[in-house]
Structures are given as C-alpha cells and as structure tokens.
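What follows draws every value from the coordinates through simple rules; no lab data is involved. Just so we're clear, the structure is a prediction, and the values are computed from it rather than from any experiment. Note that we place each Cβ from the backbone using ideal geometry, even for glycine, and neighbour counts take in every protein chain shown.
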Amino acid sequence: MRVVLAGASGFLGSRLRTSLAADGHELVRLVRRPPARPDEHRWDPFTGSLDAEILAGADVVVNLAGAGVGDKRWSDTYKRVLVDSRVRPTSTLAAALAALPEARRPRVLLNASAVGFYGDTGDATVDESSPAGGGFFAELCQAWENATARARDAGVRVVLLRTGLVLDANGGLLRPLTLTTRLYLGGPLGGGRQWMPWIAIADWIKAVRFLMEHAEIAGPVNLVGPDPVRNRDFARALGRALNRPAPWPIPRVALRIVLGEFATEALASQRVLPGVLTKAGYTFQHPDLDSALRAALVH
C-alpha cells in the first residue's frame, strides 16, 4: 500500500509511520523543508502549494498536520497558529485530491480532528451522531473538518479522526502528567469530576490502519477507548501504575495562569464513546485504563 503522510514527524505521525514502514508499506512524506530523503516531497500548505502528482496513484492520504495544542500558552497569536496549521494544510490536500482525475485519485483521506469537536458535554454520553459544541476549540475542529469538503465532494472517502487523549509516556499529555506523578505532585485537575476520553497509542495506530482498510466507513470516527473515566480516577490509576500517591488537586486558577484559555479545554468534561469503531467490529487491544497505562509506561 502506498501512503502519503502529512505531519509524519509529529507525536502521532512518527508512530504511525514506524508501524507502516515495519510492515513494508511505501511511504511518501510531505515536508515543508528541502527534502532530505527520496521518500520526501516538499509542499507549502500555507500558500496552497502542492503538486497533485505527488498524491496520484497513492492508496491512502493521512493528514496529521497541526501545531501542538498544549505546546504553548493560548495567547490570541497562538490560537491563530492552531487554526491556520490545521485548516490550511487540510484545504491544500483536499484541493489537490479534487484536482486529480478519478482514476488516479487516492481512495481515502484520513484527516485528523479531535474530540474537542463536542465541547464540554458534562456527564452526557456522546458519540459520532452528537452535535458540535461551542467554544474556541470546538469551532476550530468544525473548521478543520469542513476543510476536507472539496475532497469529499470529488468522491474521496473522507474519515475524520476525532482523537481523544492518546496514552504514550513519550508524548502528548501523559508525558507531563507522568513527570508530576513521579515527583509526588500528581492529582486531579480542578475538581476531578470531568470525564476524560483516552486511547492507548497501540489502539490509535491499530484503529487508523483499520480505517484504511474498511471502505464502508466514512465521516467522523471517535478514536477513544470504550471506557472513559473521570479525571480523578485517571489520576488514581496513573498513581497506581507508577506506585505513587496522587492526592494533590491542581486548582483551576493555577491551570488558568499556566495554560491561559487552554485551561478551559483541559477541564472540559467529555464522555465520548467509540460508536463507529464498536459497530464496525473493532477489537481494542487495551480496553481498560489500567492496561493502557501499563502498556504506555513499559516503554
């Protein structure tokens, strides 16, 4: 299988790339710098510059491009970066796919999104049929997903990867949480009652590859485990996994000072379920949080 990958050097992209390469799939990486390897091709997603021929004949295009949500404090400037780094690459890829003749067009675009699409849902259970929420990040996710429209209208199967908290000790939110818990500073965020939709990194990769092969699945797919937990229970489970107590709640005001507006997203409650994956018969490698944390922290 020939896979074109945007965002290949990021937290999730690098892990997906390793998994696909290990199984002998042909990878084409889109990069913004001068190419350093035969499998790299340059593009400029911010100006819409992408030679559609790079995509021609590929089986799958995977777009994971986007600045890290938690990499910096959410100033007005960084919020603009978060939007532009997602919407513009997606629009560029969708336009290039639409420009190709149907016979040479990749059959599927797997495009990153996030469970932030749903906003703060409190204690309500949500799945892919649930409506969009409000607030900055929910609106960003809507714009991000809408940017795939040209590809979808051209007949490309578009899958929107609404990803939750991916559990990998070497990246994402788990990395700083692991550090603070090891230092005996772990505990729930705010009141700890908010629901957290998580997924093991092994299941995230496995599910993406599952979606590449299942031609009947299109539209939004929640990449989350089947058992979301409250934040306080997540903190306790991480403490158990690291053999550390985790009793120290981090006050909302402290999160606001450190994270800016991102604190609102960090404290949002999202009881999200993987409805599409479950209906399609996907089997989770790590269906419970303790198993997922053990797997993440072994490496």
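Rounded to the nearest 5, the antiparallel percentage of DSSP beta bridges internal to the chain is 10%.
Residues in the stretch 170-185 carry Karplus couplings, in order, of 9, x, x, 5, 5, 4, x, 5, 5, 4, 5, 5, 4, 8, 6, 10 Hz; the curve used is 6.51 cos²θ - 1.76 cosθ + 1.60 with θ = phi - 60°, and Gly or Pro positions show x. Semi-axis lengths, largest first, of the ellipsoid equivalent to the chain are 32, 20, 19 Å, with √(5λ) applied to each eigenvalue of the Cα gyration tensor. In plain terms, if you count all Cα to Cα distances in the stretch 79-166 and split them into 10 Å steps from zero, the share in each step is 17, 45, 28, 9, 1 percent. Place a label point 7 angstrom from the Cα of D290 along the Cα-to-Cβ direction, then list the residues of the stretch 178-222 whose backbone nitrogen is under 20 Å away. Output list for this probe position: 178, 182, 187-188, 196-203. Between M1 and R32, the modelled labels are 2.8 nm apart [label points 7 Å from Cα along Cα→Cβ]. Whole-Hz Karplus values for the stretch 112-123 come out as 4, 8, 8, 5, x, 3, 7, x, 7, 10, x, 8 Hz, taken residue by residue from phi with 6.51 cos²θ - 1.76 cosθ + 1.60 and θ = phi - 60°; glycine and proline positions read x.
Using only DSSP helix segments of four residues or longer, with each worth -39500 (n - 2.57), what per-residue ellipticity at 222 nm results for the chain after dividing by its residue count and rounding to 500? -11500 deg cm²/dmol, from helical runs alone. Dimensions of the stretch 68-224 along the principal axes, based on C-alpha atoms and rounded to the nearest Å, stand at 58, 35, 31, largest first. With K and R counted +1 and D and E -1, the other residues having a Cβ less than 14 Å from that of L238 yield a net charge of +4.
Of the residues G133, A202, A58, the one whose Cα sits farthest toward the positive end of the charge dipole of the chain, with +1 on the Cβ of Lys and Arg and -1 on the Cβ of Asp and Glu, is A202.
If you take all other residues with their beta carbon under 13 Å from the beta carbon of G134, and give Lys and Arg +1 and Asp and Glu -1, the sum is -3. In the chain, the longest principal axis of the Cα atoms and the axis of helix 11-22 are about 60 degrees apart.
For the peptides 178-188, 233-243, 90-100, the ranking by mean Cβ contacts within 10 Å, running from highest to lowest, is 90-100, 233-243, 178-188. Eigen-decomposition of the gyration tensor built on the alpha-carbon atoms of the stretch 46-130 gives equivalent ellipsoid semi-axes of 29, 19, 9 angstrom, largest listed first.
Averaging the sequence gap over all C-alpha pairs within less than 8 Å and six or more residues apart, then dividing by the number of residues, gives the stretch 137-253 a relative contact order of 35 percent. Taking the convex hull of the alpha carbon positions in the stretch 186-299 and averaging its projected area over all directions gives 7.9 nm².
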